[in-house]
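Below is one structure; the comments refer to it alone.
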Amino acid sequence: MAVRDGVVAWLGSDQVGRSQFGSAQVIDLQGAFVSPAFVDSHIHLTSTGLLLTGLDLTAATSKRHCLTLVAEHVAAHPGRPIWAHGWDDTAWARDEAPSTAELDAVAGAVPAYLARVDVHSAVASTALRDLVPGLAAVAGYESQRPLSADAHHLVRGEARRLLTTGQRADARIAALDALAAAGIVAAHECAGPDIGGIDDWQELRATEHGVDVIGYWGEAVSSAAQARALLETTGARGLAGDLFVDGALGSHTAWLCEPYADAPGSTGNCYLDPDGIADHLFACTEAGVTAGFHVIGDAAVRAVVDALARLVERFGSRAVARCGHRLEHLEMVTAEQAAILGQCGVTASMQPNFDALWGGSNGMYARRLGSGRAALLNPLSLLASAGVPMAFGSDAPVTGIDPWAIVRAASHHQTQGSAISARAAFAAATRGAWRAGGVQDGIMGTLVPGAPASYAVWDTGETEVASPADTVQRWSTDPRSRVPALPRLEVGDPLPHCRQTVHRGVVLHG
C-alpha cells in the first residue's frame, strides 16, 4: 500500500509497488497485517476516562470485594469525593448490591457514587444523597438499595458536579488515547442532559485530539424549529444517541411487555412515552435532522417502531431514510419490526459484547427474562437479513473498547442462529459505523485508492509463522467486499494487538 498526502494512492503486489514508488519510504511490517481502522458507534468518553483514571469496580467478585476496593480508594485519596463504576451484582454469588449503610461504613462523610455496570442505577452514600434536596420524593428513590430513574439522574448530576475540571479533562484524554491504542480513529459520543450535561459535551468538543468525535445529543423536541435550534446550540450531529425510552435489563429498568422473571411485579421503566417518541421523530424528520433513541426492552422497541411506521406513512420511506435515524442497543426486536426498520433505513447501533457478557443459558438475560425471552436478544442475523444497516460499538464504560472482541462476539453469538459472519461484523465496526455517523462517501472505512489513509497495524500474537497467510482465517477475500483477510477470532484465541494507528495519514498511536 502506498500513501501520499494522507490518502491511499495505490495497492498491489510488492514487486510492482517497489518499481512504481522507488523513492518512497518503505516500512516492512514483518508479518503484521493492516486493516481499515475501527469506529466505535456508541461511547461515553468522559465516563470511560473516569473508569481508566479512577476507581474501577469491574473486577469486583463479590459485594465484600467491591466494598474493599472502595475502602482502599478512600485510604489512598482521603477526603476526595468518589466516582466509581462497574460493579455487577449478577456476576456475584449472592446477586446482592451494597446497601447505603454498607457504603457509608467505608466511605464515611465522603460523597460516594458507585455506578452499576450498565449505568442505569447506582449506590450512593448518605453524604452524596444529602446534597440533593427532596431526593426521597423522586421516582427511583430507595433508602438502602441502589437509586434508579430520576433519583439516579439527580445524584449522578451532583456527583459529576463534584469532579474538578482537571479530572474531567484528564479523563477525556485518557479515553481518546485508549481508543487510538485500540486501533479506533473515530467515536460516536452519546451525550445528553442526563449523561454528562451540556458543560461536559462542550468541553469535549473543545478537546484537541486526533480521534474524531461525532456527537449526538439525547434530548427530545416537539417541533422542527426546536430541533434546528437545539442542533445549532449543541453542535451535535443529531438528536439521537441515549435519548432514553427505557433503561437496562440488569437494573430492571428496561421497559417490558411482560414482567421480569426475577421481579414479577415489575415491567421496568418508561422514560419517554409513545406520544413523546412520535413528536421527536416527526419534528426531526421535518427538520431533516437525525433522530434516535436508547431502546432495550420489547415495549420500548414496540413504541418506537410503531411511531416509525406512522412516520413513513406521512413522509415516505425515502425521506425518512435520508435523515439517518438510528436506534441504540435494540436488544429485543421481532422479525416484523426488523422488516419495518429495514424498509425505512434506520440504523441499529448495537453492542455485541452485551451478549458475550450476559447472554447464554445461565447469563444475566436468562435470569432477568427466563431462557425463552433471553434467547431472542440481540438478533444480529435477523436484522442483517431484514436489510437493517448495523453499526457496532462498545457503550464504554459499560463494556471494553477492544474492537476485535466486538467482532468476535458478533460472530460467536451465544444463541444459535443469531450470529453474523466475522466479515459482516468487521464491516459494521468500520464502514457501517462511518455511515451511521453521516459519512456516506462509499470509501471511508476501506483501503482503496482515493480513500483516506485511516488504518491500523496489528500483531496477531503468533511469533512464528511460515507466511502471513498462516495468521489468517480463510473467509472470503473477494475484493468487492473490501474487507481484508481477518485474523483467527475463535473463543480462547489471543486477540490482535494494535502496533500502530494512523488516521488520514497522521500517526495517532505507536
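Derivation of every value follows stated rules applied to the coordinates shown; laboratory data play no part. Bear in mind the structure is a predicted one, so any value in this text is a computation, not a measurement. Glycine also receives a Cβ, built like all others from the backbone with ideal geometry; neighbour counts cover every protein chain displayed.
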Residue exposure sequence - Glu328, Glu313, Glu72 - by fewest surrounding Cβ within 10 Å: Glu313, Glu72, Glu328
Ordering of 296-309, 138-151 by packing [mean C-beta count within 10 Å, highest first]: 296-309, 138-151
Hull shadow area, averaged, region 181-436 [alpha-carbon convex hull, nm²]: 12.6 nm²
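Against the globular-protein guess of 2.2 N^0.38 Å, express the Cα radius of gyration of region 266-335 as a ratio, rounded to two decimals. Could the numbers behind the result be given before it?
Working: Rg = 11.9 Å, N = 70, 2.2 N^0.38 = 11.1 Å.
Relative to the 2.2 N^0.38 Å estimate, region 266-335 comes out at 1.07.
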Over region 207-331, volume per residue of the alpha carbon convex hull, in Å³: 114 Å³
Total charge dipole magnitude, region 46-161, about the Cα centre, Cβ charges on Lys, Arg, Asp, Glu only, Debye to nearest 20: 220 debye
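Could you work out the relative contact order of the chain? I mean the mean sequence separation of Cα pairs under 8 Å and 6+ apart, divided by the number of residues, in percent.
18 percent
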Reduced Cα scattering model of the chain, Debye log10 I(q)/I(0), q = 0.05, 0.09, 0.11, 0.12 Å⁻¹: -0.19, -0.63, -0.95, -1.12
Region 46-161: antiparallel DSSP beta bridges as a percent of all, rounded to 5: 40 percent
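Do the sum for the chain: with -39,500 (n - 2.57) for every DSSP H run of n ≥ 4, divided by all residues, what is the mean residue ellipticity at 222 nm, to the nearest 500 deg cm²/dmol? Working shown, then result.
On the way: 20 runs with 183 residues, N = 510.
When only DSSP H runs of four or more count, the value is -10000 deg cm²/dmol.
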Centre separation in Å (Cα based) which lies between region 428-454 and region 18-36: 22 Å
Residues whose placed amide H lies under 5 Å from that of Leu377, excluding near-sequence neighbours: none
Cβ-based charge dipole, the chain, positive-most Cα from Gly345, Val448, Ser35: Val448
Centre separation in Å (Cα based) which lies between region 236-293 and region 316-341: 14 Å
Of all DSSP beta bridges in the chain, antiparallel share, percent nearest 5: 45 percent
Per-residue Cβ neighbour rank within 10 angstrom, fewest leading, His153, His280: His153, His280
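How big is the shadow of the Cα convex hull of region 33-121, averaged over all directions, in nm²? Walk me through the numbers before you get to the answer.
Working: hull surface 31.3 nm².
Reported value for the Cα convex hull: 7.8 nm².
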Whole-Å distance, taken between Cα centres, linking region 165-189 and region 75-153: 26 Å
Long-range HN-HN contacts of Trp87 with modeled amide H, under 5 Å: Leu57, Val117
